[in-house]
1. Filter the range 237-274 down to the residues that are part of a loop (DSSP other than H, G, I, E, B), within 15 Å of the ligand (Cβ to nearest atom) and among the aliphatic types (A, V, I, L, M), then identify the one that is modelled with the lowest pLDDT.
2. Can you list residue pairs whose Cβ atoms sit under 6 Å apart, with the first residue in the range 265-286 being outside the structural domain of Glu92 (by TED's automatic domain parsing) and the second being buried (at least 17 other Cβ atoms within 10 Å of the Cβ) and modelled with pLDDT under 95? Count only pairs 6 or more apart in sequence or on different chains.
3. If we scan the range 25-36, do we find a residue that is within 16 Å of the ligand (Cβ to nearest atom), closer than 19 Å to Ser154 by Cα, touching a Ser or Thr at 6+ places or on another chain (Cβ under 7 Å) and assigned by TED's automatic domain parsing to the domain that holds Ala125?
4. Please find, among Arg203, Arg215, Arg189, Arg172, the residue that is free of Cβ contacts under 8 Å to residues at least 40 places away in the same chain, of a type outside the set (A, V, I, L, M, F, W, C) and touching a Leu at 6+ places or on another chain (Cβ under 9 Å).
5. When Val101 is evaluated against the numbered criteria (1) in contact (Cβ under 8 Å) with a residue 60 or more places away in the chain; (2) closer than 20 Å to Ser154 by Cα, which criterion, by number, is the only one it fails?
6. Any residue at all in the range 217-229 that is within 16 Å of the ligand (Cβ to nearest atom) and either within 24 Å of Pro56 (Cβ to Cβ) or part of a loop (DSSP other than H, G, I, E, B) (or both)?
7. Just to check your reading of the model, which residue among Ala202, Ala213, Ala233, Ala207 is out of contact with any Ser or Thr (no Cβ under 9 Å at 6 or more places or on another chain), outside the structural domain of Thr109 (by TED's automatic domain parsing) and under 19 Å from His104 (Cβ atoms)?
8. Filter the range 72-87 down to residues that are without any contact (Cβ under 8 Å) to a residue 40 or more places away in the chain, of a type outside the set (A, V, I, L, M) and crowded, with 16+ Cβ neighbours inside 10 Å and give me whichever is nearest to Glu280 (Cα to Cα).
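The values are calculated or read from the model by the stated rules, or taken from the named source; none is laboratory data. Just so it is clear, the model here is predicted, and its values are computed rather than measured. Neighbour counts run over all protein chains shown; Cβ positions are idealised from the backbone, glycine included.
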Amino acid sequence: MTQTITKTATDPATQRLPTLFYRSAREGMQDFLNQPSVLPDPAAGVLLPAFIGWSPREGSGVFDPVRNLAVRAGFYDLNPDLTVDLAKLEAELQKGYRVLVLIHYYGRTESKLREVRELADRYGALLVEDLAHGFYSALLGGVAGSLGDINLYSLHKMFPTPDAQGGMIAYRNQSLLDGQQETAPELARFILNYDWAAIGAARRRNAGQILDALRELPECGQDFELLWPEIAAGDVPQTLPIRILRGNRDHIYHAMNEDGYGMVSLYHTLIEPVRGDFAEMVALSKSVINFPVHQDLDPVHIPDMLASFQKALHASKEQA
Ligand SMILES: Cc1ncc(COP(=O)(O)O)c(C=O)c1O
């Protein structure tokens with residue numbers, strides 16, 4: 001007799017999510033874009049958000065795979081808080097692209113994810129959810145990562161991986177698996193040796209405490225503004241971004257790092273192809289600075305970090 005309900009799950013296809021591990025997210029992305037099933041020819045094109053960073057030491061984690069493969073690239077403008085403007089996105093999609101990249105910046109789930117998926121489907125594009133900053137936002141049960149054809153993760157931004165390397169791609173659309181070759185399968189084991197829920201809770205706690213302290217500062221709204229004022233349930237920040245309105249971001253960055261606070265300037269310089277047409281994004285790249293919120297941060301140090309920030313902000317205003 002056939003069993004209507006088996007005693008245990010035995011169907012290997014149910015909820016399968018094939019996942020490949022690499023030395024970096026960019027290496028995985030290049031492997032993805034290099035498959036004929038993904039991009040039958042480089043002219044088919046990749047559409048990317050216009051806020052993409054570059055540095056002499058690290059290159060561009062987002063753009064290097066596209067550039068290395070000489071794939072046709074287009075860019076769509078974002079709102080000043082880095083959320084998607086659907087009208088601007090659709091206008092670019094109309095030009096025809098095979099792959100659309102959506103970045104959940106700093107781990108904040110893009111609130112228009114569903115609409116972005118619908119647009120991708122309408123214009124026949126594959127959707128890459130770039131979760132380089134959003135591992136915990138996606139993997140702890142959030143909405144991020146639920147609609148992409150693939151989900152891209154940068155593990156060295158989330159875990160103390162060996163040699164600060166690690167990337168991962170989850171293929172929700174398995175028909176895109178072709179000749180991909182992972183390069184760091186041992187990282188699967190590495191990341192399972194950490195308590196993801198505890199790390200996510202620590203990052204949310206740290207970001208919440210820093211946000212509360214920032215809101216109390218008299219300079220808030222005058223000299224700087226919060227780029228991410230409310231951290232929604234389910235979101236786990238990679239870092240906490242603010243925008244300097246009056247003062248010099250680079251000065252604040254260097255002064256605070258000299259004080260011993262590991263401030264991050266994630267996308268301080270944008271890649272060359274977007275510098276001409278996206279003035280608002282360029283201005284943002286020069287004014288955004290990110291507070292660390294990671295799991296090693298002991299919240300006992302937050303008040304002194306905020307004092308260091310205030311001091312650096314004032315000094316940079318005097319210089320400006
Ligand atoms: C949004 C985003 N996607 C992808 C990457 C690439 O990550 P990785 O350094 O692991 O190649 C980065 C970082 O460079 C990033 O910020």
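1. The residue in question is Leu266.
2. Ser285/Tyr267
3. Looking through the range 25-36, at least one residue is within 16 Å of the ligand (Cβ to nearest atom), closer than 19 Å to Ser154 by Cα, touching a Ser or Thr at 6+ places or on another chain (Cβ under 7 Å) and assigned by TED's automatic domain parsing to the domain that holds Ala125.
4. Arg215
5. Only one criterion is unmet by Val101, namely (1).
6. Of all residues in the range 217-229, those within 16 Å of the ligand (Cβ to nearest atom) come to 227-228.
Subsequent filtering for residues that are either within 24 Å of Pro56 (Cβ to Cβ) or part of a loop (DSSP other than H, G, I, E, B) (or both) retains 227-228.
Taking every residue of the range 217-229 in turn, at least one turns out to be within 16 Å of the ligand (Cβ to nearest atom) and either within 24 Å of Pro56 (Cβ to Cβ) or part of a loop (DSSP other than H, G, I, E, B) (or both).
7. Ala233
8. Of everything passing the filter in the range 72-87, Tyr76 is nearest to Glu280 (Cα to Cα).
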